[in-house]
Amino acid sequence: MTHHRLLDLDQLHSMGTNMYELAKRLFPIARSITGDGVRETLNILKEYLPNLQIYEQPSGSRCFDWTVPPEWKIRDAYIMDELGNKIVDWQENNLHIINYSEPVDKKLSLTELQEHLHSIPSMPDAIPYVTSYYSRTWGFCITHEQRERLTEQIYHIVIDSEFMENGSLTYADLILPGEVYQEVLISSYICHPSMANNELSGPIVAIFLMLYLQQQRNYYTYRLVLTPETIGSIVYLSHHKTYLQEHVVAGYMLSCLGDDRGYSFISSRYANNHADRITRTIMTQQHPEFTEYSWLYRGSDERQYGSPNIDLPVVAICRSPFGTYPEYHTSHDNLNMISAKGLQESLDLMIQIVHLTEYNHYYRTTTHGEPQLGKYGLYPKQTDFNGYLEKQVEVTIDLISYADGTTDLIRLSDLVGVPVHNLYPLIDRLVKLGLLERQPYRKTTRQPQ
Amino acid sequence: MTHHRLLDLDQLHSMGTNMYELAKRLFPIARSITGDGVRETLNILKEYLPNLQIYEQPSGSRCFDWTVPPEWKIRDAYIMDELGNKIVDWQENNLHIINYSEPVDKKLSLTELQEHLHSIPSMPDAIPYVTSYYSRTWGFCITHEQRERLTEQIYHIVIDSEFMENGSLTYADLILPGEVYQEVLISSYICHPSMANNELSGPIVAIFLMLYLQQQRNYYTYRLVLTPETIGSIVYLSHHKTYLQEHVVAGYMLSCLGDDRGYSFISSRYANNHADRITRTIMTQQHPEFTEYSWLYRGSDERQYGSPNIDLPVVAICRSPFGTYPEYHTSHDNLNMISAKGLQESLDLMIQIVHLTEYNHYYRTTTHGEPQLGKYGLYPKQTDFNGYLEKQVEVTIDLISYADGTTDLIRLSDLVGVPVHNLYPLIDRLVKLGLLERQPYRKTTRQPQ
Amino acid sequence: MTHHRLLDLDQLHSMGTNMYELAKRLFPIARSITGDGVRETLNILKEYLPNLQIYEQPSGSRCFDWTVPPEWKIRDAYIMDELGNKIVDWQENNLHIINYSEPVDKKLSLTELQEHLHSIPSMPDAIPYVTSYYSRTWGFCITHEQRERLTEQIYHIVIDSEFMENGSLTYADLILPGEVYQEVLISSYICHPSMANNELSGPIVAIFLMLYLQQQRNYYTYRLVLTPETIGSIVYLSHHKTYLQEHVVAGYMLSCLGDDRGYSFISSRYANNHADRITRTIMTQQHPEFTEYSWLYRGSDERQYGSPNIDLPVVAICRSPFGTYPEYHTSHDNLNMISAKGLQESLDLMIQIVHLTEYNHYYRTTTHGEPQLGKYGLYPKQTDFNGYLEKQVEVTIDLISYADGTTDLIRLSDLVGVPVHNLYPLIDRLVKLGLLERQPYRKTTRQPQ
């Protein structure tokens, strides 16, 4: 059935290094939920996955309850003091202005300027990340140290931005066909400017996961979706909702996966769908110290994928998730926060997760009563004194005896007391012999849109 | 949607006083399951609720498995000693004879009389309350002190009662229309003679609850039912069973609500219907020391409303319930046992319960994906550094995200961790904005019978 | 409804003695999964149950995934030393050869012979029981003591056996009609040679249970099935699967019931079917120290009856089950291991189990609201002071109030807090009065095949 080969440590290590190189390349780009930053990012990713499809959704169009905002173009922004020094310069760090700031060119006293400044007193050397996508304003984000040093004078404020009503929002997807049309969704977002963990780690692990999957023979079709957060997934769902509802068997939204900290996932509304169970099983085995956050803790596109009238079986997979680590949404979330090793371990985790996704079907015994194991070479030639069935035969016969079509592999693993990955070869053998059959998870056979 | 105003303390206090006055007026009446005592009681209650409808069910008629007994008329009863003193006189206390005693006029020795006397050795100064509705007998109930003082002599026994085969059983109801035909049932009984807590407190709280509801704009229709216990609710159900099964969303049988002791309710068969959950939620919040008794403890008309082939979602609401307090079914259950304050607090509890009943719908988000909260004024204008959504927005968005049509307000309250009454204004606002819709609880739209 | 009379101690004692006598008679017979040993055994049992039907299934025929093996005929087998002494003689103990050994007549050195010897070092005085039904081989089973005494010499080996391709496999059944076509299955196996507990105790208790049932008026039809283990139940199911699936309400596979040790049962796949619940209830009451083994511990024909595509509600009932006691599958499992008392107690247990099976219906109250108990003589004539309903009335009214068609007797017993056997007379009375009705457990009315 499935023919996945897991990667060895050398391969993973080499992919980790490549992932970190990609992070360095993407880091400086000034992304937002619209604009050329997104386009430049997606074009670089397309070098890795040439089949990545890039789409534009016009500003002003309605998607569900939302209206796509005007495209935001940002060319330059600075605060200049009376001596003509650019004391705050967007060209140096694109966190320096509120994302989606409106254009401004005026001279202000320090008091007037203060109303448009943002800093973090408790993290005096960090520049905060602030956005205002749907309410027009402008402002600068600086370190609290710098803010405290500002003196009373007239400052020249320039934000050379533009709202393009005839612009658009950019997003991308890629469909990797499998044996069946049913899909596994891999999603991340590409809308934060220079931040490493809470931006780049997600799409980078997603890209390398797809590179891995391209080299396997997959049972499921895999769909990679890269959108600006929230509005982007709303746009995507407005085009593909029904198809996705009919085909997605599990979805994984990737975020904050580049650091070296513990693992976690954010479960769905009732914490019991296919993706929840698969993720919980793998994390329990691979990273037993993991944290499971409830749906109340959701924060990224899983909010849309899992909302009541969408209801895709999606979980968010993180190391330290958004909002829980101090560097979150500041300039401290930079390339020092992530590592090749951190990315590589997350990729390995995702490979384990898709591996179980490929195997976690409901199985059904094909025979009436037990099969005659001996004729398949699955039974010892003679039964010895007090000789209860040996362990291997016992697992085989127990697995078959519980495979009544109501038990998926995770449940079977619980029932027979053997970890899922130890059952993969046995499942392969029994399916090949015709003694087990996979129950179709979804009956839909429509072709992808 | 609902426009209930809760009462302030002054209003409640004034209603408490009025309730106690009514109790004093009703206390002396010689009620039974049939007869003029019931009629007199209902006519007094009709002064408060002029729309109260009073009905007569003929003696001898069949209602389900039961036959309505002959009406019992009682004019006088006494035991006279040889000196001509009425040593036991029904006119002094109507508990002195077995309710439904047959007529008798004879002279008996003390030994013969003893077989017809009832007293309580462990409560020597209390007159017990004894009935024999369906098996003809007669007897006197006296204090054990008096019984011990009786001397050997010939007693003259008179019970001037009558069984009227062409009589009837009297009961009443009142329907207060709401926005929908679905109903909330409020029930109590009116068949005990001079007892205060286990008789008068129930109908009195019910009457004043209806007076309160008459001044509100209610979503549900409210049905008040006042019947003699057991046979009365059997009669009522025999006329209205199908309509009630189709329309009643929750019912509250009120009893023993005038004392100052703790609160309790008797849950339905499986303790999980709409009325169970509402009552449990309010009691947990308002009176966390409350007692929940199982269906095994049922004892009044909830026995009929909740029986297998009737299955109305009804609970019995009490302070100390029948059978648990020492004064129960004796002359000690008198006007000293109840108080204006006790009645007033019970009324307040019932108002909280009907309030939650009005709100406890299943709700469903109307949008696909999250709504764009900003355009409804439900979102802060810009998201700040590390700035997770503020508490109010978080509750809004969490409530919407769980409102998938399978969650009623009580469940939503549990999921988002906010008490139900704190969610009422938010629910009102989201429904008004069209972001939430109530799922119909019952589809029936037939008009009341 | 049911008219079972339980046996008194004298009757049970006498049946215990008779059971042990039967065991002595059956013990020496050389049984296997095919052949004359099975036929001889079944013919003796037919003396007890003349209606026992005996069938032959041809060798080579396909039954589900299995092929019936050639019939094995064994006439003689021995190992003779150089002095002409038969040092191992199958005529002395039929465990001495591997069951289904192929014919052999050759002379071997001790070293060559050793490869065909089986013994148990840890039980040096026991002969092990070894089989090789589906893989051709031969061998002798001896005590380890004897094995250690063997000297270097040339041994003459003779196994005078034969595989008859035109032979057959023998099995039997008996149908004892009840009021309805729905069935209770009683099963055991008849394929082990001289072993007492793990062979004879099962069919013997089954036979005497049928003798008991023949003298009762039964609600259910009872089906006794006696087959060689595994292949025999496969053969039987291949003929009767659909009918059994439609009619069997509970089944009991009997094994290892003759010793004096504790009781146990092996539950079905999910441990919650009709037979599981009945057995658990009786064992909890009669033998509270019993052990419940999970489906993972199954080992006899319950494996086939309860397998996914068969799914009969069957449990295995044992004292110490197969594999847990030291004598299991050795010559120590002999007539000393079982006793009249052990067999008699097991019969008594089975009678309790079928008794509850007869009563464990879903019940439904026939009235709307409570019935008027007084008119059925089920209510005290007058209610006394503080007089809550007396215990007997309380149980009656509680039972009726929970009998909503979703509760079987076991659940009703839990709900009202009264052991099942104390409810049997009440159930009989209420059903006879028409106040309760049994809900049909299965609707099928087809006649038995």
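The set of residues in the range C:282-314 that are farther than 15 Å from C:Val249 by Cβ, among the hydroxyl-bearing types (Ser, Thr, Tyr) and surrounded by 21 or more Cβ atoms within 10 Å (Cβ to Cβ) comprises C:Ser300, C:Ser307. Taking into account only those residues within the range B:90-101 that are farther than 14 Å from B:Arg31 by Cβ and surrounded by 15 or more Cβ atoms within 10 Å (Cβ to Cβ), which is nearest to the chain's Cα centre (by Cα)? Among those that are farther than 14 Å from B:Arg31 by Cβ and surrounded by 15 or more Cβ atoms within 10 Å (Cβ to Cβ), it is B:Ile98.
Filtering the range C:328-383 to residues that are within 14 Å of another protein chain (Cβ to nearest Cβ), in contact (Cβ under 8 Å) with a residue 60 or more places away in the chain and closer than 30 Å to C:Arg429 by Cβ leaves C:Tyr362, C:Tyr363, C:Arg364, C:Thr365, C:Thr366, C:Thr367, C:Pro371. Does the range C:126-146 hold any residues that are over 30 Å from C:Gly60 (Cα atoms) and within 13 Å of chain A (Cβ to nearest Cβ), and which are they? Once the filter is applied, which keeps residues that are over 30 Å from C:Gly60 (Cα atoms) and within 13 Å of chain A (Cβ to nearest Cβ), the range C:126-146 yields C:Ala126, C:Ile127, C:Ile142, C:Thr143, C:His144.
The set of residues in the range C:265-276 being surrounded by fewer than 21 Cβ atoms within 10 Å (Cβ to Cβ) and more than 14 Å from chain A (Cβ to nearest Cβ) is empty.
Whether a residue is among the acidic types (Asp, Glu), within 25 Å of A:Thr407 (Cα to Cα) and assigned to a loop (DSSP other than H, G, I, E, B) was assessed, and C:Asp276 does not pass this test. Counting the residues of the range A:427-449 that are at pLDDT 95 or above and in contact with a helix residue (DSSP H, G or I) (Cβ under 8 Å, 6 or more places away or on another chain) gives 6.
Yes or no, residue by residue, for (1) of a type in the set (Asp, Glu); (2) in contact with a helix residue (DSSP H, G or I) (Cβ under 7 Å, 6 or more places away or on another chain); (3) assigned to a strand (DSSP E or B):
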| site | (1), (2), (3) |
| --- | --- |
| C:Leu83 | no, no, no |
| C:Lys107 | no, no, yes |
| C:Leu113 | no, no, no |
| C:Ser135 | no, yes, no |
| C:Tyr155 | no, yes, yes |
| C:Leu174 | no, yes, yes |
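Report whether or not A:Asn309 is in contact with a helix residue (DSSP H, G or I) (Cβ under 6 Å, 6 or more places away or on another chain), assigned to a loop (DSSP other than H, G, I, E, B) and either more than 10 Å from every other protein chain (Cβ to nearest Cβ) or not β-branched (Val, Ile, Thr) (or both). No, not satisfied.
Would you call B:Pro69 assigned to a loop (DSSP other than H, G, I, E, B) and more than 30 Å from C:Tyr376 (Cβ to Cβ)? It is false that B:Pro69 is assigned to a loop (DSSP other than H, G, I, E, B) and more than 30 Å from C:Tyr376 (Cβ to Cβ).
Within the group B:Val38, B:Val88, which residue is part of a helix (DSSP H, G or I) and of a type in the set (Val, Ile, Thr)? Walk me through how you get there before you give the answer.
Values: B:Val88 fails: part of a helix (DSSP H, G or I).
Every option except B:Val38 fails the conditions.
Would you confirm, using the coordinates I've provided, whether A:Leu95 is at pLDDT 95 or above, closer than 30 Å to A:His247 by Cβ and not assigned by TED's automatic domain parsing to the domain that holds A:Leu244? No; evaluated as a whole, the condition is false for this residue. With respect to (1) surrounded by fewer than 21 Cβ atoms within 10 Å (Cβ to Cβ); (2) of a type in the set (S, T, N, Q); (3) touching a Ser or Thr at 6+ places or on another chain (Cβ under 7 Å); (4) under 23 Å from A:Thr366 (Cβ atoms), the lone exception for C:Thr242 is condition (3). Here A:Ser268 clears all of (1) at pLDDT 95 or above; (2) closer than 30 Å to A:Arg39 by Cβ; (3) part of a loop (DSSP other than H, G, I, E, B); (4) under 17 Å from the mean Cα position of the chain (by Cα) except the condition numbered (2).
Restricting attention to the range A:295-306, the residues being at the interface with chain B (Cβ under 9 Å from one of its Cβ atoms) and under 17 Å from the mean Cα position of the chain (by Cα) number 7.
Every residue in the range B:50-65 that is under 30 Å from B:Met210 (Cα atoms), within 14 Å of chain C (Cβ to nearest Cβ) and in a strand (DSSP E or B), please. The one that is under 30 Å from B:Met210 (Cα atoms), within 14 Å of chain C (Cβ to nearest Cβ) and in a strand (DSSP E or B): B:Cys63. Taking the criterion of being buried (at least 17 other Cβ atoms within 10 Å of the Cβ) and not in a loop (DSSP other than H, G, I, E, B), the residues of the range B:159-169 that qualify are B:Ile159, B:Ser161, B:Ser168, B:Leu169.
A residue that is away from chain A (no Cβ under 14 Å) and either of a type in the set (Val, Ile, Thr) or touching an Asp or Glu at 6+ places or on another chain (Cβ under 9 Å) (or both) occurs nowhere in the range B:395-402. You will find that of A:Ile74, A:Ile87, the residue that is touching a helix residue (DSSP H, G or I) at 6+ places or on another chain (Cβ under 9 Å), surrounded by 14 or more Cβ atoms within 10 Å (Cβ to Cβ), within 19 Å of A:Pro193 (Cβ to Cβ) and modelled with pLDDT of 95 or more is A:Ile74 and no other. If you go through the range C:388-419 and keep only what is under 18 Å from C:Ile278 (Cα atoms) and assigned to a helix (DSSP H, G or I), you end up with C:Leu409, C:Ile410, C:Arg411, C:Leu412, C:Ser413, C:Asp414, C:Leu415, C:Val416.
The values are calculated or read from the model by the stated rules, or taken from the named source; none is laboratory data. Everything quoted here is computed from the prediction, not taken from an experiment. Counting neighbours? That spans all protein chains shown, and the Cβs are built from the backbone with ideal geometry, glycine included.
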